[in-house]
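This report refers to the structure that appears directly beneath it.
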Amino acid sequence: MNWYPLWLSFKTAAIATIIVFIVGVFLARMLARNTFFGKGIIEAIIMLPLVLPPTVVGFALLYLFGKNGPIGKLLLDWFDFQVVFSWWAVLIAAIVVAFPLMYQSAAAAFKNYDATLESAAYTMGAGKWRVFWTISFPLAWPGLLAGVVLTFARALGEFGATLMLAGYIPHVTDTIPLAIYFAVESGNMKMAGFWVAIIIALGFTGMLWLNWWSRRKIHGDDTKPVSSRKS
């Protein structure tokens, strides 16, 4: 049994989630509570990969990172490095398609808590970073965690953009979704069914845990004994 697709998918999804989390939280915090001209356009661009077919996203990435593309040509001329048909292409595709989910969750999380707590901290002399780490981040954490789970699941299951940009190269770009597709193409239905079962189990487990955690977070007080709630 070749377990490489599982390892590659996990590695790609984990790294993509870390990158998307950092950038997504930064952008969401910057945009969520600020209003300025062009904000709607910026947010529409950020959310665009969520509504476009993955093959369209893959085509756009191929245009940007191809040998003659603006970014691809620059990387090739300056660093002699080609993104297309490499693991980096798999990672880039996962980041782009998963980013809107993290941004959307983070933006909602930063909008939903009471901003007067931040204002009170500022009036007491706290700096922006201290307010963020001690007030904003902890209050937004439930929404951010939901974004992390959804981002990881989306990156784990990415297929269309990955196929367009990275292709299928065994032990280089063969993630679980690509392994499923090419197993079906070659008539190996047993192998395809195995990987389908694996990715369904992973996705179901992630969503089940997220739903359980959300219910516990929201309704946790209702499950406590009356005496402990009064105390």
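The values are calculated or read from the model by the stated rules, or taken from the named source; none is laboratory data. Just so we're clear, the structure is a prediction, and the values are computed from it rather than from any experiment. No Cβ is skipped: glycine too gets one built from the backbone with ideal geometry, and neighbour counts run over all protein chains shown. Heavy atoms of the whole protein, side chains included, go into the accessibility calculation; ligands, DNA and RNA do not. Shrake-Rupley method; radii C 1.70, N 1.55, O 1.52, S 1.80 Å.
What would the Debye formula give as log10 I(q)/I(0) at q = 0.08 Å⁻¹ for the alpha-carbon point model of the chain, no solvent?
-0.39
Give the accessible surface of the chain per residue, rounded to a whole number of Å², with probe radius 1.4 Å and ligands, DNA and RNA excluded. Spell out each step's value before the answer.
Working: 13340 Å² over 231 residues.
Per residue, the chain has 58 Å² of solvent-accessible surface.
Output the relative contact order of segment 89-188, whole-number percent, from Cα pairs under 8 angstrom with separation of 6+ residues. Working shown, then result.
Values: 74 pairs, mean separation 41.6, N = 100.
Once normalised by length, the contact order is 42 percent.
From the C-alpha coordinates alone, can you work out the Kirkwood hydrodynamic radius of segment 87-139, in Å?
Numbers: mean 1/r = 0.0766 Å⁻¹.
Taking every pair of different Cα atoms in segment 87-139, averaging 1/r and inverting gives 13.0 Å.
Would you work out which of L139, N188, A106 lies farthest towards the positive end of the dipole of the chain, given +1 charges on the beta-carbon of Lys and Arg and -1 on that of Asp and Glu, about the Cα centre?
Of L139, N188, A106, it is L139.
Quote the Stokes-Einstein diffusion coefficient, in whole µm² s⁻¹, for segment 63-157, based on the Kirkwood radius over alpha carbon pairs, a temperature of 10 °C and a viscosity of 1.306 mPa s.
Working: Rh = 16.0 Å.
Answer from the Stokes-Einstein relation: 99 µm²/s.
How large is ³J(HN,Hα) for each residue in segment 2-18, as worked out from phi by the Karplus curve 6.51 cos²θ - 1.76 cosθ + 1.60 (θ = phi - 60°), to whole Hz, x for Gly and Pro?
Karplus values, whole Hz, x for Gly and Pro: 8, 8, 4, x, 5, 4, 5, 5, 5, 4, 5, 5, 5, 5, 4, 5, 4.
Per Stokes-Einstein, at 25 °C and 0.890 mPa s, what whole-number D in µm² s⁻¹ belongs to segment 123-164, with the Kirkwood radius over Cα pairs as the hydrodynamic radius? Write down the numbers at each step before the final one.
Working: Rh = 12.8 Å.
Roughly 192 µm²/s, to the nearest whole number.
Charges only on Cβ, +1 for Lys and Arg, -1 for Asp and Glu: so what's the dipole of the chain about the Cα centre, in debye to the nearest 20? Walk me through the numbers on the way to the answer.
Numbers: 17 positive and 10 negative charges, 162 e Å.
With only Lys, Arg, Asp and Glu charged at Cβ, the dipole is about 780 debye.
Per residue and in cubic angstrom, what volume does the convex hull of the Cα atoms of segment 66-109 have? Numbers along the way, then the final one.
On the way: hull volume 3.7 nm³, N = 44.
In segment 66-109, the Cα convex hull volume per residue is 85 Å³.
So what is the relative contact order of the chain, in percent, for Cα pairs below 8 Å that sit 6 or more residues apart? Don't skip to the answer; put the middle values down first.
Details: 251 pairs, mean separation 65.3, N = 231.
Reported relative contact order: 28 percent.
Could you rank the peptides 99-106, 116-123, 26-33 by their average count of other C-beta atoms within 10 Å per residue, with the highest value first? Please list the in-between numbers first.
Details: 99-106: 24.5, 116-123: 13.0, 26-33: 16.9.
By packing density, highest mean first, the sequence is 99-106, 26-33, 116-123.
On C-alpha positions alone, give me the angle between the axis of helix 70-79 and the longest principal axis of the chain, in degrees, nearest 10.
Helix 70-79 sits at roughly 80 degrees to that axis.
With runs of 4+ DSSP H residues as the only contributors, calculate the mean residue ellipticity of the chain at 222 nm using -39,500 (n - 2.57) per run, divided by the residue total and rounded to the nearest 500.
Values: 12 runs with 175 residues, N = 231.
Only helices count here, giving -24500 deg cm²/dmol.
When the gyration tensor of segment 81-209 is built from Cα positions, what are the square roots of 5 times its three eigenvalues, in whole Å, from largest to smallest?
Details: eigenvalues 325, 60, 16 Å².
Working through the eigenvalues yields semi-axes of 40, 17, 9 Å.
Where the only charges are on Cβ atoms (+1 Lys, Arg; -1 Asp, Glu), what is the dipole of segment 50-139 about its Cα centre, to the nearest 20 debye? Walk me through the numbers on the way to the answer.
Numbers: 5 positive and 4 negative charges, 9 e Å.
Dipole magnitude for segment 50-139 comes out near 40 debye.
Would you please calculate the Kirkwood hydrodynamic radius of segment 1-112 over all C-alpha pairs and express it in Å, rounded to one decimal? Don't skip to the answer; put the middle values down first.
Working: mean 1/r = 0.0642 Å⁻¹.
Kirkwood hydrodynamic radius for segment 1-112: 15.6 Å.
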